[in-house]
Amino acid sequence: MSKIKPLAYSYDALEPFIDEATMRVHHDKHHQGYFDKFKAAVEANPELKELSAEEVLWQLEDLKKDLPEATYLALKNNGGGYIHHNVFWEIMSPDGVREPQGELREMIRGMGGFDKFKQAFTQLALKQFGSGWAWLVLDENKNLQMYSLPNQDSPLSLHHQPILAVDVWEHAYYLKYQNKRAEYLENWWQVVDFAAAEKRYQAALKQ
Ligand code: MN
């Protein structure tokens, strides 16, 4: 594989909330770039070839002991960048379900309801200093947690399964929103697909 998976929708499908120019450069350049660098790091280390990208991230802190620091960082940053964007494209859709569904809806109700959840998640994304992501994850005890992580640090390396994610690197919004991260986040909720999030939740429960 040399090319990342194409988007399941057109580059302009999330307009006006996420613009076509951003989607093109984000998917074709940033995401592809993470993948290319991740692949190069794996190919330079034959012992990694048997592992999927998710497995590399899951085992990252164990692998660290046997790898040069530069390789560890290449896997962490580019492996994270590769996998995280796969999640990001998947949980957005032009014709998705905009409110939690199924069991995830019940869980979010238990966390105080959708409005409260949305507000708390937005605050995490807003307050992430510099580049990073806000995450809703299923933890090792099968409980939901939310937090933000810097850069491409991965919930997988904490042994948490990503359910929902928002990219707050400037490349995700700067062309359209410049410094207005809050406006980007407000609009991002208009393209979230909770049917996809529910699928991820069900899959994570079975892991
Ligand atoms: Mn990104």
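Looking at (1) open to solvent by less than 80 Å² (accessible area, probe 1.4 Å); (2) over 16 Å from TYR174 (Cα atoms); (3) within 16 Å of the ligand (Cβ to nearest atom), can you tell me which one VAL25 breaks?
(2)
So, in segment 54-75, exactly how many residues are within 14 Å of the chain's Cα centre (by Cα) and either open to solvent by 50 Å² or more (accessible area, probe 1.4 Å) or farther than 18 Å from LEU149 by Cα (or both)?
Going through segment 54-75 one residue at a time, the tally reaches 1.
If a residue must be surrounded by 17 or more Cβ atoms within 10 Å (Cβ to Cβ), of a type in the set (Phe, Trp, Tyr) and either without any contact (Cβ under 8 Å) to a residue 40 or more places away in the chain or more than 21 Å from ALA13 (Cβ to Cβ) (or both), how many such residues does segment 76-124 contain?
Of the residues in segment 76-124, 3 are surrounded by 17 or more Cβ atoms within 10 Å (Cβ to Cβ), of a type in the set (Phe, Trp, Tyr) and either without any contact (Cβ under 8 Å) to a residue 40 or more places away in the chain or more than 21 Å from ALA13 (Cβ to Cβ) (or both).
Determine, yes or no, whether GLY81 is under 26 Å from MET146 (Cα atoms) and at pLDDT below 95.
no
Looking at segment 30-53, which of its residues are within 16 Å of the ligand (Cβ to nearest atom) and open to solvent by 70 Å² or more (accessible area, probe 1.4 Å)?
ASP36, LYS37
Taking segment 149-186 only, how many residues are within 16 Å of the ligand (Cβ to nearest atom), polar (S, T, N, Q) and open to solvent by 30 Å² or more (accessible area, probe 1.4 Å)?
Number satisfying all stated conditions: 1.
What number of residues within segment 34-55 are closer than 19 Å to GLU90 by Cβ and without any contact (Cβ under 8 Å) to a residue 60 or more places away in the chain?
Total meeting the criteria: 5.
The values are calculated or read from the model by the stated rules, or taken from the named source; none is laboratory data. Quick caveat: nothing in here was measured; it's all calculated off a predicted structure. Quick reminder, even Gly has a Cβ in these numbers, built from the backbone with ideal geometry, and neighbours come from all protein chains shown. These accessible areas exclude ligands, DNA and RNA; they are computed on the full protein's heavy atoms, side chains included. Shrake-Rupley method; radii C 1.70, N 1.55, O 1.52, S 1.80 Å.
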